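Novice: First the structure, which I've put down as structure tokens, then a few questions once you've had a look.
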Amino acid sequence: MNRSTRMWHLGALAMATSLALAACGSSESDGAASGDNAAADCQEQNLAFLGALTGDAGALGVNMVNGIKLAVEEYNADAECPVGLKEFDSQGSPDKAPALATQIVGDDTIIGLVGPGFSGESLATGKTFFESGVPTISPSATNVTITDQGWTTWHRIIGNDQAQGEADARYLLDTVGATKVFVIDDAQDYSKGLSGVVREGLGDAEVGYDQIQVKQTDMSSVVTKVTSSDADAVFYGGYYTEAGLLAKQLRQAGWEGTFMSGDGSQDPAFVEVAGEAAEGAVLSAPAAPAPEDFAARVEESTGSAAGLYTTQSYDAANIFFAALESGATDAQAINEFIGSYEGEGVSGPISFDDKGDIETSTIYAYMVTGGELDLENPTPIE
Amino acid sequence: MDFSFLANNIVELTVTGLALGAIYALVALGYTMVYGVLQLINFAHSEVFMYGTFAVAWVFVFVHGRTPSTQTLGETIGLLLLSLVAAMVVSALIAMLLERVAYRPLLKRKAPRLMALISAIGASFALAELMGLRDRVAGWVGLRDDLDAYVAKARDTYSNPVTIQPQTLFEVGGYGVKDVDVMVILASLFMMLALDQFVRRTRFGRGMRAVAQDPESAALMGVNSTRIIRGTFILGGLMAGAAATLYMVKIGSTRQDAGFILGVKAFTAAVLGGIGNLRGALVGGLLLGVSENYGAALFGTEWKDVVAFVLLILILLVRPSGLLGESLGKARA
């Protein structure tokens, strides 16, 4: 017993030494790495990221990690004790995320989590993080019900679907001036939630409602319903493939109203599917494009362009760093710091309400003009 | 239930339903012919259709480039004929490949039919995934960048750059019937008529019917059953290629899993009409397309599949062998 413990110590020492050496070796060009400051009385500390890095939505997770990496690099440049980043790839799946959450919770070096990326995995892991007190800030999960669960460690830095739906309804009524709106969704949680809020906001202006199925390609019955209802606008809750097919088949049937959809459809692929029928479509999203100087910094640091959710992830990581600078060290203190945080991030003003939702969020309307989705110049919805 | 909506829009719902049903029927022919000859459900037939849809889109991208534009049916007719040929060739080749790789080795060894079924499901996955990974396949042979317009974002929806804008052809009951729907319905009726006559009147068709009735006697009478089976797969592929072209005219987008749902619907249409029966496939397809639209109008679009399949169960309860019965072999010459 004694002997084996000793062996273990020796082994650990050897490993620590070699790690330190390796770190020193690699830190020549990269002053941010942990080797230099290891001599000071610093404990290893890490931020964690949980979200999709591979799979269908992998590109979004990479956008997030790029934002976090930039924040980590900037913090470490003049921090007393450096912070590392541990990435956990859930592939965006609520089935894979819980096991990773258990790993994160069991890792004492992790001070907080940027993530989870999506709503499904947030709902699947929120309880684990809450019970072990790990503070989390999601840059991208927008489902309304997450913050209704009473998980006081859970925060998000992005407007939720409630805020987006209300803004969308206002946009249709005030900016488009629609008086008859037909609402459609694809019956998934996100889509039904968003279209439900829009319907509430529309009130009497809603002239009809229908649900399609995911992967449905022939929309003729819905098209008949829309055209025979004389609607001057359609709101669709769902993702870009069905949105594109719907917009195209509506135009093919000669319908001329305004087509609007939410952030699930806010993707250049929408235009690819809809072709010229996409012209004039309005797609809302709770995020603005990255400011130019920030985008340049991301590009310089990570070698890839800033994308959707990069700003939010950068801001989320910086809130954790602000907590460290304020002297908070344990999870509870960090969590309290986040709860009372107020500041101006790259993505906009940040402060959280009691539930963990961001207090002020702006929803942006992105337009399809000249045959492409204009991702640079969205209009903020009042 | 919204009866007044159905009544007010009955013409539009019927015409668009018939157009989709005609596409189901063309694909259903592939299921029904193979079943007639082999008593086997070729579950990979949906991928034969899917490859056809890509062939159509690729022809358009090749000739027209990726810039989206909108044209009428008349302006695209030349390209459509070209892509029809391409789709029929591609689909027939895939069907032939399927027969050669997934079926013939099993049939030769007198493997149980269940094995052939599993083999078909495996082939279906393999073909769909191959299409979904076409960017990597192109990468292996070093053509990834040259073929970017064809293989980029391989798992995403791939669209025909040309949107075909339907024109009103004539009015019935206040609804302007669109030329695209009329063309789709007429084209599939023509294809089916041609196939029906081919099976009834040619020497090959006689061989097909003979193998369907009794493979052993047919062999004794000098019918080369291997050749007949291969020919049956190819015929099914040709019909699926035509269906793929009509589908791309109407829908305009495809992806690597586009065959699945359409394949299930077409298979349903084949069973509805009586599997193994060519005319049954037509009746089943049209009935399925129209009843889906009526169901969607009455109960909401999310219910359209429920309505279609409840109809299938009701009909099979009353007529277990489908509306027109199973009878490729019994078709009179």
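Values in this text are rule-based calculations from the coordinates and carry no lab data. The shown structure was predicted, so the numbers you read here are calculated from the model rather than taken from an experiment. When we count neighbours, we look across all protein chains shown, and the Cβ atoms used for this are built from the backbone with ideal geometry, even at glycine.
Novice: Of the conditions (1) part of a loop (DSSP other than H, G, I, E, B); (2) more than 14 Å from chain B (Cβ to nearest Cβ); (3) under 25 Å from A:S119 (Cα atoms); (4) free of Cβ contacts under 8 Å to residues at least 60 places away in the same chain, A:G159 clears all except one; give me its number.
Specialist: Answer for A:G159: the failing condition is (4).
Novice: Condition first: surrounded by 19 or more Cβ atoms within 10 Å (Cβ to Cβ) and either among the hydrophobic types (A, V, I, L, M, F, W, C) or over 19 Å from the mean Cα position of the chain (by Cα) (or both). Now tell me which residues in the range A:303-328 satisfy that.
Specialist: Selection gives A:A306, A:L308, A:A316, A:A317, A:I319, A:F320, A:F321, A:A323, A:L324, A:A328.
Yes or no, residue by residue, for (1) hydrophobic (A, V, I, L, M, F, W, C); (2) assigned to a helix (DSSP H, G or I):
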site	(1), (2)
A:P94	no, no
A:A99	yes, yes
A:Q103	no, yes
A:I111	yes, no
A:A124	yes, yes
A:T128	no, yes
A:G150	no, no
A:G165	no, yes
A:F182	yes, no
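Novice: Within the range A:308-318, is even one residue touching a residue at least 40 places away in the same chain (Cβ under 8 Å), touching a strand residue (DSSP E or B) at 6+ places or on another chain (Cβ under 8 Å), assigned to a helix (DSSP H, G or I) and over 22 Å from A:I110 (Cβ atoms)?
Specialist: yes
Novice: Determine which single condition A:D185 fails, assuming it passes every other condition in (1) in contact (Cβ under 8 Å) with a residue 12 or more places away in the chain; (2) more than 30 Å from A:V223 (Cβ to Cβ); (3) among the acidic types (D, E).
Specialist: So the condition that A:D185 fails would be (2).
Novice: Do you know which of the residues in the range B:307-326 that are touching a Gly at 6+ places or on another chain (Cβ under 7 Å) and within 14 Å of chain A (Cβ to nearest Cβ) is surrounded by the most Cβ atoms within 10 Å (Cβ to Cβ)?
Specialist: Looking at the filtered set, the residue picked out is B:A308.
Novice: Could you please give the count of residues in the range A:337-365 that are part of a loop (DSSP other than H, G, I, E, B), within 15 Å of the chain's Cα centre (by Cα) and more than 20 Å from A:G150 (Cβ to Cβ)?
Specialist: 5
Novice: Among the candidates B:T245, B:T157, B:T202, which residue alone is farther than 24 Å from B:V11 by Cβ and within 14 Å of another protein chain (Cβ to nearest Cβ)?
Specialist: Testing whether each residue is farther than 24 Å from B:V11 by Cβ and within 14 Å of another protein chain (Cβ to nearest Cβ) leaves just B:T157.
Novice: Now for a different question. Just need a number here: residues in the range B:248-297 that are surrounded by fewer than 23 Cβ atoms within 10 Å (Cβ to Cβ), within 10 Å of chain A (Cβ to nearest Cβ) and hydrophobic (A, V, I, L, M, F, W, C).
Specialist: So the answer is 3.
Novice: A further question on this structure: Take the conditions touching a Gly at 6+ places or on another chain (Cβ under 6 Å) and closer than 21 Å to A:G67 by Cα and apply them to A:I358. Does it pass? Give the steps one after another, and end with the answer.
Specialist: Details: touching a Gly at 6+ places or on another chain (Cβ under 6 Å): no; closer than 21 Å to A:G67 by Cα: yes.
So A:I358 does not fit the description; no.
Novice: Sticking with this one: Looking at B:A240, B:A244, B:A194 in this structure, which one is in a helix (DSSP H, G or I), more than 12 Å from the chain's Cα centre (by Cα) and either of a type outside the set (G, A, S) or under 21 Å from B:V89 (Cα atoms) (or both)?
Specialist: B:A194
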